[in-house]
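The values are calculated or read from the model by the stated rules, or taken from the named source; none is laboratory data. As the structure is a computational prediction, the values presented were derived from the model and not from experiment. Cβ placement follows ideal geometry from the backbone for every residue including glycine, while neighbour counts extend to all protein chains displayed.
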Amino acid sequence: MHKIVFVAVLIIVASTANAAKCRGGKSILYTQDQYCPAGYTDITTDRGGTVSSVGKSDLTIQQEQRFLQQRATENGQYQAQITQAQQQFSQQQASNASLCASLSSQARSVESSMRQPNGAQYLDYLKQQHRNIRDQMYRNKC
């Protein structure tokens, strides 16, 4: 008789809770809240699923909430780092473009000097300069 009452109470408690299925990157998070935490997208197929909270103590629920808050904070910091890295990359690309233009101009200048009648030693010097300029262009992905 006690088992039937326990199962009935369990069904009533489980049917009154809301649930959400959330996706954050490659991970799936099931939460007993109606909404997903920051950084997660709701992918629940039909609203109002059931989640049983039987067996979770208040301490466990508080720990889960702290964990989710910490993850949201870390996600915000991570997004700020990504934004900063993207800005640095765009600034690097802008400065890299001017460097590439300068190296290209130097290479053309050395190539035109190589076409002029020069002594063997000077021609070797120009070849070395041209090789160094092309190496710099390769290193800077010009």
State which residue is farthest from the chain's Cα centre (by Cα) when the search covers only the stretch 111-138 and only residues that are closer than 26 Å to N96 by Cβ and without any contact (Cβ under 8 Å) to a residue 12 or more places away in the chain. S112
Name every residue in the stretch 17-36 that is modelled with pLDDT of 85 or more, part of a loop (DSSP other than H, G, I, E, B) and over 17 Å from Q62 (Cα atoms), in order of residue number. G25, K26
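Residue-wise test of (1) surrounded by 11 or more Cβ atoms within 10 Å (Cβ to Cβ); (2) modelled with pLDDT of 90 or more.
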| residue | (1), (2) |
| --- | --- |
| S90 | no, no |
| S98 | no, no |
| L103 | yes, yes |
| E111 | yes, yes |
| N118 | yes, no |
